[in-house]
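Input: a single structure, listed below in structure tokens.
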Amino acid sequence: MPTITTNDGVDIYFKDWGSGQPIVFSHGWPLSADDWDAQMLFFLQHGFRVIAHDRRGHGRSSQVGDGHDMDHYADDLAAVVEHLDLHDAVHIGHSTGGGEVAHFLARYGQNRAAKAVLISSVPPLMVQTDANPGGLPKEVFDDFQAQLAANRSEFYHSLASGPFYGFNRPGVEPSEPIIQNWWRQGMMGGAKAHYDGIVAFSQTDFTEDLKKITIPVLVMHGDDDQIVPYADSGPLSAKLLPNGTLKTYAGYPHGAFTTHHDVINPDLLEFIRS
């Protein structure tokens, strides 16, 4: 099983398939590299090298008790990029992974990167503050932590079968295999990492990170995202990015790159090749 060991002794699992221009995928909370299956196979078939890692405490990476914050997430991504000696890479992040990508590019620079994509991502800031009145109240995320601590298995099943994919919307037919795959990935990871990760994705302010990123960035967001609400995320991120483009998907849920990969994947390919 391919892994690298970080400077603080954490084993990070990664997948590395194919050859050509590298595309690096950063997954959302509380999932794993497996969440990118539809994208990795698609881009592999289009002549790209595809890489995805399991964030520390997630998937097959070490279930350590510490370091579950955006600085460490960015450092771990940098370790993967450096270990594989990636250049001209396209970084694609979903949800928390979008925050990871933004923080990585701002923290480590863009010399090795060509473009980036933020899909349904948490920047610029999820939690409500005086400076971010449109954010979600902190109590929402406190409740996430309480539900996780009380019964993580039940909490994860309810997220996947409800708001994550929009399966709670009228007329939307839930997919039990998609629900079970989400639950499987979540339960592979460590409860401590996932508990701390809620603070990391909700309270990290990426405003200054976004301002530093000068490579082309595509911001993709569904306007029916019930996890990272559209109005306080996608449009604001696109405005803060010096070279950002917003692509809005009417009615799409948070996990649209799974439920609507037939639309998302060609749009990603068009952006990368443009």
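The values are calculated or read from the model by the stated rules, or taken from the named source; none is laboratory data. Everything quoted here is computed from the prediction, not taken from an experiment. All Cβ positions, even for glycine, are placed from backbone atoms using ideal geometry, and neighbour counts span all protein chains on display. Keep in mind that these areas ignore ligands, DNA and RNA; they rest on the heavy atoms of the full protein, side chains included. Shrake-Rupley method; radii C 1.70, N 1.55, O 1.52, S 1.80 Å.
Residues checked against (1) without any contact (Cβ under 8 Å) to a residue 24 or more places away in the chain; (2) open to solvent by less than 30 Å² (accessible area, probe 1.4 Å):
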residue	(1), (2)
Asp209	no, yes
Lys212	no, no
Asp225	no, yes
Tyr249	no, yes
Gly255	no, yes
Asp262	yes, no
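Within region 136-153, restricting attention to residues that are aliphatic (A, V, I, L, M) and in a helix (DSSP H, G or I), the residue that is least open to solvent (accessible area, probe 1.4 Å) is Leu148.
Output yes when any residue across region 122-131 is open to solvent by 30 Å² or more (accessible area, probe 1.4 Å) and assigned to a helix (DSSP H, G or I), and no when none is. I'd like the intermediate steps shown before the answer.
The first filter runs over region 122-131 and keeps only residues open to solvent by 30 Å² or more (accessible area, probe 1.4 Å), leaving 128-131.
Imposing the further condition that a residue be assigned to a helix (DSSP H, G or I) reduces the set to none.
Among the residues of region 122-131, not one is open to solvent by 30 Å² or more (accessible area, probe 1.4 Å) and assigned to a helix (DSSP H, G or I), which makes the answer no.
Can you tell me which residue is nearest to Thr96 (Cα to Cα) among those in region 127-159 that are small (Gly, Ala, Ser) and in contact (Cβ under 8 Å) with a residue 24 or more places away in the chain? Among residues in region 127-159 that are small (Gly, Ala, Ser) and in contact (Cβ under 8 Å) with a residue 24 or more places away in the chain, the one nearest to Thr96 (Cα to Cα) is Gly135. Could you look through region 154-201, keep only residues that are part of a loop (DSSP other than H, G, I, E, B) and hydrophobic (A, V, I, L, M, F, W, C), and pick out the one that is surrounded by the most Cβ atoms within 10 Å (Cβ to Cβ)? So the residue we want is Phe164.
Each residue in region 70-96 was checked for being farther than 18 Å from Lys115 by Cα and free of Cβ contacts under 8 Å to residues at least 12 places away in the same chain, and 0 of them qualify. Reported count of residues in region 77-88, each being within 18 Å of Phe14 (Cα to Cα) and open to solvent by 10 Å² or more (accessible area, probe 1.4 Å), is 6.
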